[in-house]
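Peer 1: Please see the structure below; I have some questions.
The values are calculated or read from the model by the stated rules, or taken from the named source; none is laboratory data. The structure presented is a predicted model; accordingly, all values stated were derived computationally and were not measured. Neighbour counts run over all protein chains shown; Cβ positions are idealised from the backbone, glycine included. Ligands, DNA and RNA are excluded from the accessible area calculation, which covers all protein heavy atoms including side chains. Shrake-Rupley method; radii C 1.70, N 1.55, O 1.52, S 1.80 Å.
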Amino acid sequence: LLKMNPRNKSYWTQLFAMYVTAQRDLRAALTIERAQKHGTMNTPRENIALAQLYYNMKQYDRSIDILETGLANGTIEPLKDHWQMLIHGYQEMHQEFKAIDAALRADKTAENGYFLALVGNIYYSMQKNADALKYLEMAAKKGVDDMGQVSLFGAYLAFELKEYDRASALLEIAKDHLQGDRQRNDYRGLREVVDQALAPAEAENAAEPAT
């Protein structure tokens with residue numbers, strides 16, 4: 001039927017649906033690409049489906065190309081899940097700096113600091129703890145859903161870096177957002193060691209004569 005009428009969208013969508021049902025992802029992806037050459041199956045929904053198919057097949061480079069093009073020209077909606085797929089695709093390709101760049105672009109339109117926290121986690125995986133701390137602080141300032149976890153993680157990194165004032169500030173944020181016994185125990189333990197680290201400096205300041 002498609003050989004006789006290749007511009008019939010309903011035939012292409014039926015063929016695509018059959019390949020998806022049969023779990024033949026490559027044939028489903030090729031069906032969308034063939035249809036697009038005939039000017040159909042090129043909506044944002046179908047474009048993201050194509051990127052998802054290649055992602056599922058672990059052809060991350062192809063998925064990235066589709067996502068980058070679509071997010072740039074508006075043929076893929078700039079939704080959180082779509083940016084996540086792009087970022088994770090770069091990570092799967094071990095291209096962490098490109099993943100960071102994508103996350104920072106996503107953050108420009110994000111309602112909270114989710115993508116900033118993600119940047120912090122990527123830097124942490126690269127053992128760049130100072131950079132990780134910077135973005136975790138930014139995420140906590142902008143606000144995230146898991147504020148307790150993000151601010152505790154940032155406080156831990158700050159303590160490891162001997163940035164005790166920054167650790168204390170993050171713990172102040174964390175204390176109002178703790179969830180579960182584990183976070184409360186982590187907070188108490190970290191609060192204690194940070195206060196101990198700050199004590200000498202506080203005692204020194206208290207001993208200075210007034211001017």
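Peer 1: Give the residues of segment 1-21 that are at pLDDT below 95 and of a type in the set (Gly, Ala, Ser), sorted by residue number.
Peer 2: Ser10
Peer 1: Considering Arg34, Arg7, which residue is farther than 30 Å from Gln127 by Cα, over 28 Å from the mean Cα position of the chain (by Cα) and surrounded by 14 or more Cβ atoms within 10 Å (Cβ to Cβ)?
Peer 2: None of the others qualify; the one that does is Arg34.
Peer 1: Does Gln183 satisfy being in contact with a Leu (Cβ under 7 Å, 6 or more places away or on another chain), within 30 Å of Leu79 (Cβ to Cβ) and crowded, with 16+ Cβ neighbours inside 10 Å?
Peer 2: Yes: the conditions hold for Gln183.
Peer 1: Among all residue pairs at least 6 apart or on different chains, which show Cβ distances below 9 Å where the first residue, located in segment 126-142, is in contact (Cβ under 8 Å) with a residue 12 or more places away in the chain and among the aromatic types (Phe, Trp, Tyr) and the second is open to solvent by less than 60 Å² (accessible area, probe 1.4 Å) and outside any helix (DSSP H, G or I)?
Peer 2: So the pair list comes out as Tyr135/Gly113.
Peer 1: I'd like the full set of residues that are loosely packed, with under 14 Cβ neighbours inside 10 Å and either at positive phi or part of a loop (DSSP other than H, G, I, E, B) (or both), limited to segment 59-76.
Peer 2: Gly74
Peer 1: Considering each of Asp61, Asp25 in turn, give the residue that is over 30 Å from Leu104 (Cα atoms), free of Cβ contacts under 8 Å to residues at least 60 places away in the same chain and acidic (Asp, Glu).
Peer 2: Among Asp61, Asp25, only Asp25 is over 30 Å from Leu104 (Cα atoms), free of Cβ contacts under 8 Å to residues at least 60 places away in the same chain and acidic (Asp, Glu).
Peer 1: When residues of segment 133-176 are filtered for being farther than 19 Å from Ala199 by Cα and either surrounded by fewer than 19 Cβ atoms within 10 Å (Cβ to Cβ) or touching a strand residue (DSSP E or B) at 6+ places or on another chain (Cβ under 8 Å) (or both), how many remain?
Peer 2: Final tally of qualifying residues: 9.
Peer 1: Those residues that are open to solvent by 80 Å² or more (accessible area, probe 1.4 Å) and within 10 Å of the chain's Cα centre (by Cα), I need them from segment 78-108; list them, please.
Peer 2: Matches in segment 78-108: Lys80, Asp81.
Peer 1: Looking at (1) within 25 Å of the chain's Cα centre (by Cα); (2) surrounded by fewer than 15 Cβ atoms within 10 Å (Cβ to Cβ); (3) in a loop (DSSP other than H, G, I, E, B), which is the only condition Gln23 fails?
Peer 2: (1)
Peer 1: Among the candidates Leu30, Leu15, Leu1, which residue alone is within 24 Å of Leu71 (Cα to Cα) and out of contact with any strand residue (DSSP E or B) (no Cβ under 9 Å at 6 or more places or on another chain)?
Peer 2: Of Leu30, Leu15, Leu1, the one residue that is within 24 Å of Leu71 (Cα to Cα) and out of contact with any strand residue (DSSP E or B) (no Cβ under 9 Å at 6 or more places or on another chain) is Leu30.
Peer 1: Which ones in segment 37-54 are of a type in the set (D, E, K, R) and open to solvent by less than 50 Å² (accessible area, probe 1.4 Å)?
Peer 2: Glu46 - this is the single residue of segment 37-54 that is of a type in the set (D, E, K, R) and open to solvent by less than 50 Å² (accessible area, probe 1.4 Å).
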